[in-house]
Amino acid sequence: MKKPHKTGGSISKKFWTGIGLFALLMVFTGFFTRKLSQETAKLEIRGIYGSPAPFWKKNIRLDQLGVNAVFLNHNAINEDLMKQAKAEGLKVFAEFPTLNGKAYVDEHPEAWAIDNNGKKVAAAGWFMGVCPTEPGFKKYRTTTLRTLLQSY
């Protein structure tokens, strides 16, 4: 048999449980949102794209200009650059062309990207796409990236 519904000004237990869970959710969400925004505030990147060599040749330190990061092609990264960047507290970000490989497809035509009609895709200016599933290219790119990361 059904229990009779309570009437008269009392608020149901479900209502208070819902309010309690909502309050906990608000506190919990607020805590993590505040913590995330505090962490995000610490991640301020002020960088240049390209070689810092012109500054360094003039004895200008990038950290004195408010710069804390350098973005450049992975081929431009070397021991001297990393040493100077570390001395100035700079983060170094490598541009790494994951699927760009004109020189590779010239030597390995089997890696040439193919369109939906089975024809070779033409190079687009500076970019020559490579078939991302070609095992030799995957190994080549992985090795190149691993070598870069292990060197510095």
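Read-outs throughout are calculated quantities, based only on the coordinates presented, and are distinct from any laboratory measurement. No experiment lies behind these values; they were computed from the predicted model shown. Positions of Cβ are generated from backbone atoms using ideal geometry, with glycine treated the same way; all protein chains shown enter the neighbour counts.
Between Tyr152 and Ile45, the modelled labels are 1.4 nm apart [label points 7 Å from Cα along Cα→Cβ]. In terms of the Cα gyration tensor, with a ≥ b ≥ c the square roots of its eigenvalues, is the stretch 48-152 rounded because a/c is under 1.5, prolate because a/b exceeds b/c, or oblate? Since a/c reaches 1.5 and a/b is larger than b/c, the shape of the stretch 48-152 is classed as prolate. Couplings 3J(HN,Hα) of the stretch 86-96, computed from phi: 5, 4, 9, x, 8, 8, 10, 10, 8, 7, 10 Hz, in residue order, whole Hz [Karplus 6.51 cos²θ - 1.76 cosθ + 1.60, θ = phi - 60°; x for Gly and Pro].
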